[in-house]
Ligand SMILES: C[S@@+](CC[C@H](N)C(=O)[O-])C[C@H]1O[C@@H](n2cnc3c(N)ncnc32)[C@H](O)[C@@H]1O
């Protein structure tokens, strides 16, 4: 880890500011990170306007740096007065960070970042590897701040999706009629990929604006709709603004669980809408949590778990290879391409999976050892929800319910259908659901 030279360990001047106190006296105010151990790397945000757009504190840090680390494009933005040794990031970047920091330990190191270093930037990587207290971050407006300024969009009303290193399908989750979305582009080809995705998803009428080189001399905007998008690939530095317009007749997908059954490609192995909504309510996803969806079928439970929050993740385990492939297609189509699909038979296929926060069992309950394996994998406080329509599995769930408590419920849904010239109820098979939170050590 890098150490700052002893003489530098005091409070940086720009972190102290004088403000007028309400009683008229002047007060010294200390900013957040200066109380931390001692920052060893200064991370400087820089925009397309380069040196000209940097505030005094950032310029000063760069002029005094002994080592300047950044992308070639960013390093080229610095004048020759910045005399520190220039080091270009190698690829892949993450693996190289610890070695690079160690190699320059004890020197004044500045890392250049694009825009706001803590917004999908190198600041995050450095913080994860070296610890946030080792960083002194000097932010620049992010591409999102610039884009919203140009468009007159309130930042807090704008959904932001990054496609840097991620599939375009991730955009689908935030498509809602009337919403404004900013897409962080992976390069010059991203606008055409976004237009294609919008057309596929029934949002072809949406207005698209591509904002290139924001804040720089070569800034420009391209305008059009997804349906008719035909601009040739432009500058790789761009963000894409989408005014979402759902086409007439396109399926409407809300934000809460219980998507229409038609949203899924399925061979019938699908937890139907009303039972699915009740199941997700029992599973209660929270940000950052991991679900095991055992007996994935069409993948609907894992998919709606992941749609609950962008940081929710899931593994769907399905023994049938055709269904497993279908789960992958449903995940793409419904905006959660990060869903991990494991083709295999549980419980064997569960071995080695990361520890879940919740487990859903939608198939395979009578497979020997499956329920026990899921239970054992759950940490204390983890949730388990199991659904079944068979008496054999219901007997098993009843036994486990008597041992561990929780809620055993029967969900019986009936749909109104035509009966001759009249209307009557058609009863779906009732589903028995056991939902339980794992308490401390218990006997099984
Ligand atoms: C009723 S479906 C689940 C529906 C699913 N929740 C959905 O909404 O798409 C049950 C699925 O469990 C799978 N299955 C059954 N036993 C299994 C096992 N031991 N391991 C993995 N998958 C299994 C079946 O192939 C079937 O696709």
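Scanning region 402-435 for residues that are surrounded by 17 or more Cβ atoms within 10 Å (Cβ to Cβ) and not in a strand (DSSP E or B), we see that the one that is farthest from the ligand (Cβ to nearest atom) is 404. For region 281-298, the criterion of being buried (at least 21 other Cβ atoms within 10 Å of the Cβ), over 24 Å from residue 406 (Cα atoms) and either near the ligand (Cβ under 10 Å from one of its atoms) or touching a residue at least 40 places away in the same chain (Cβ under 8 Å) (or both) is satisfied by at least one residue. Condition first: under 22 Å from residue 47 (Cβ atoms), crowded, with 19+ Cβ neighbours inside 10 Å and touching a helix residue (DSSP H, G or I) at 6+ places or on another chain (Cβ under 8 Å). Can you find one or more residues in region 240-254 that meet it? Yes, there is a match, as at least one residue in region 240-254 is under 22 Å from residue 47 (Cβ atoms), crowded, with 19+ Cβ neighbours inside 10 Å and touching a helix residue (DSSP H, G or I) at 6+ places or on another chain (Cβ under 8 Å).
Quick one: which of 307, 323, 329 is within 12 Å of the ligand (Cβ to nearest atom) and at pLDDT 95 or above? Just a single option satisfies the conditions, and that option is 323.
If you go through region 109-125, how many residues are in a strand (DSSP E or B), under 10 Å from residue 142 (Cα atoms) and at pLDDT 95 or above?
Initially, region 109-125 is screened for residues in a strand (DSSP E or B), giving 109-114.
Applying the additional criterion that residues be under 10 Å from residue 142 (Cα atoms) yields 114.
Right, trim to at pLDDT 95 or above and you get none.
Result for region 109-125: 0.
For residue 416, the conditions (1) in contact with a strand residue (DSSP E or B) (Cβ under 9 Å, 6 or more places away or on another chain); (2) in contact (Cβ under 8 Å) with a residue 24 or more places away in the chain are fulfilled apart from (2). With over 10 Å from residue 294 (Cα atoms) and either assigned by TED's automatic domain parsing to the domain that holds residue 302 or surrounded by 18 or more Cβ atoms within 10 Å (Cβ to Cβ) (or both) as the only criterion, which of 377, 386, 349 stands out? The match here is 377. Number of residues in region 258-280 that are touching a residue at least 12 places away in the same chain (Cβ under 8 Å) and assigned to a helix (DSSP H, G or I) equals 10.
Scanning region 340-364 for residues that are more than 9 Å from the ligand (Cβ to nearest atom) and assigned to a loop (DSSP other than H, G, I, E, B) returns 351, 352, 353, 354, 355, 356, 357.
Identification of strands (runs of 3 or more DSSP E) wholly contained in region 145-238 with 2 or more residues that are crowded, with 18+ Cβ neighbours inside 10 Å yields 158-162, 180-184, 207-212.
The values are calculated or read from the model by the stated rules, or taken from the named source; none is laboratory data. What you are looking at is a predicted structure, and each value in this text was computed from that prediction instead of being measured. Neighbour counts run over all protein chains shown; Cβ positions are idealised from the backbone, glycine included.
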